[in-house]
Amino acid sequence: MADLTGREILIGAKKASAWGTAVACGANDGLLALALDLGQQIELLRDEPMGLGFSPDTSQGRETVNGSLRAHLRYDGQEAMLLALAMGAAGAPTQLGATTAYHHTLQLTDGLAGLFATLAAKKKSDLVFEWPSQKVSGFTIKGGMRIPTEITLDLIGATLARNGGSGTNNTTTIASVTYRDKQNRVIGDENAYVRLNAASGGALAASDNIYPSEFTLTMKRPMEGDHVLDQTSYLTEPLGTGFPECSLDLTFPQFGDVGASRWTDFAAKTAAKLELLLKSGALAGTAENYRLLIQIPQAFLETISANLDGPGKIPNPMRFWLTQANAAPTGMTGVTNPFAIRLVNKRTTDLLA
């Protein structure tokens, strides 16, 4: 049968409900990835007793199916569902007027029990790789001025099935996978902004604009599954092993007043709040643009530098550690966990439905 190239593969992702049991990917479940680094690792248990010149045997050991998926972030792509799985809560969206635009609010939850997805990838014309359960243990969103915003999702899985004409996701069912939207990538342009002021200050406004060239939002949830004697070869559903780690990196190409002000905050350990808005010129509904807003209620500057490296500009990168606020700051109603993401697209249902 025919071998495929990256242009011809097909990847589907769909929320699942029972760990280790696949669900079939179909219409609107297609995912436009840039890279899928996900396979299967099975350790070999070598038999190495004394008294022999060579190992006489090996046995099959524990299986792991971990990796990552990288994609351009789209306002209405299936990676939004995987992002919601990593955060924990989405809820029914709010229709914006009598339009086709809907507002989704993604919130961080304490844990991710019961939240995972099935991934399926057509690798050959006669072979579909199926990962029945993949937990999204974290992500990185990276963007900047006039560059596509990328999302990298960290995955911890149960097992891998390689299906031909049978299995839940097979060479017949994979043909039904379609994409919600092949366009509308999230790109920072002249409609985008980043705003920052004191966490105790008033609502963020245009007077609070700052001007980084790039940003990186990172969220990692330490978690592990276990191999137990449950008549299966795969991990139990991973659960948390420590506090989530949330950070925001901002890159300023030149040290100036913003960097000097942040250095003052750094020394004083002053908490800040931030907003990052990315908005498309395309409309999701009448007078309603596709958009993505990241709200950060409480952030502490963790590192800042203005190192000299030759006769050119003095770059000014800084990293903020994002924490839980005691109360939502002015202008960020309902947001107390390290960050929330508000998304406007055409999807009418809960991302985690």
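The values are calculated or read from the model by the stated rules, or taken from the named source; none is laboratory data. What you see is a predicted model; the values in this text were computed from it and never measured. We place every Cβ from the backbone using ideal geometry, glycine too, and count neighbours over all the protein chains shown. With ligands, DNA and RNA removed, areas are computed over all heavy atoms of the protein, side chains included. Shrake-Rupley method; radii C 1.70, N 1.55, O 1.52, S 1.80 Å.
The table that follows gives values for the structure above.
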read-out: GluC sites (Glu not before Pro) within the stretch 1-87: DSSP coil, no more than 10 neighbouring Cβ in 10 Å; value: none
read-out: The stretch 230-258 and the stretch 124-160: distance between their alpha carbon centers, rounded to Å; value: 14 Å
read-out: Residue-span extension gain [Leu52 to Ala98] - 0.36 nm each, minus C-alpha spacing; value: 8.7 nm
read-out: For the chain, average projected area of the Cα convex hull in nm²; value: 24.1 nm²
read-out: Estimated 222 nm signal from helices in the chain, with DSSP H stretches of n ≥ 4 weighted -39500 (n - 2.57), rounded to 500; value: -2000 deg cm²/dmol
read-out: Accessible solvent surface per residue of the chain, calculated while the other protein chains remain in place, 1.4 angstrom probe, Å²; value: 47 Å²
read-out: Value of D in µm² per second that Stokes-Einstein yields for the stretch 1-57, Kirkwood Rh from Cα pairs, at 4 °C (1.567 mPa s); value: 80 µm²/s
read-out: Coil-residue trypsin sites (Lys or Arg not before Pro) of the stretch 193-284, DSSP, other Cβ within 10 Å capped at 15; value: Lys269
read-out: Heavy-atom accessible area order for Phe300, Phe215, largest first, 1.4 Å probe; value: Phe300, Phe215
read-out: The stretch 309-325 - phi-based ³J(HN,Hα) in whole Hz, Karplus 6.51/-1.76/1.60, Gly and Pro as x; value: 9, x, x, x, 4, 9, x, 9, x, 8, 10, 9, 9, 9, 10, 7, 8
read-out: The chain: relative contact order in percent, alpha carbon pairs under 8 Å with at least 6 residues between; value: 20 percent
read-out: Farthest toward positive dipole pole in the stretch 182-315 [+1 Lys/Arg, -1 Asp/Glu at C-beta], among Leu229, Ile314, Gly285; value: Gly285
read-out: Euclidean distance between Cα centres, the stretch 1-45 to the stretch 57-92, Å; value: 10 Å
read-out: Within the stretch 275-353: Cβ-based charge dipole about Cα centre, in debye rounded to nearest 20 (Lys, Arg +1; Asp, Glu -1); value: 220 debye
read-out: Dipole-positive endmost among Ala161, Thr171, Asn209 within the stretch 88-219 (Cβ charges, Cα centre); value: Thr171
read-out: Reach of Lys313 by Cα under 25 Å, taken over lysines that are not fewer than 8 positions away in the same chain; value: Lys142
read-out: Size of electric dipole in the stretch 1-81: Cβ of Lys, Arg +1 and of Asp, Glu -1, about Cα centre, debye, nearest 20; value: 360 debye
read-out: In sequence order, calculated HN-Hα J values of the stretch 243-257 (Karplus, 6.51, -1.76, 1.60; Hz; x Gly/Pro); value: 6, x, 10, 10, 8, 10, 9, 10, 10, 10, x, 9, 5, x, 4
read-out: Accessible area (Å², 1.4 Å probe, nearest 10) - Met332; value: 0 Å²
read-out: Sites matching trypsin sites (Lys or Arg not before Pro) across the stretch 40-133 that sit in DSSP coil, with at most 13 neighbouring C-beta atoms within 10 Å; value: none
read-out: Theoretical FRET efficiency, 1/(1+(r/R0)^6), r = Cβ-Cβ of Thr21 and Asp257, R0 45 Å, to 0.05; value: 0.20
read-out: Candidate residues Ile9, Ile296: accessible-area rank, largest first, probe 1.4 Å; value: Ile9, Ile296
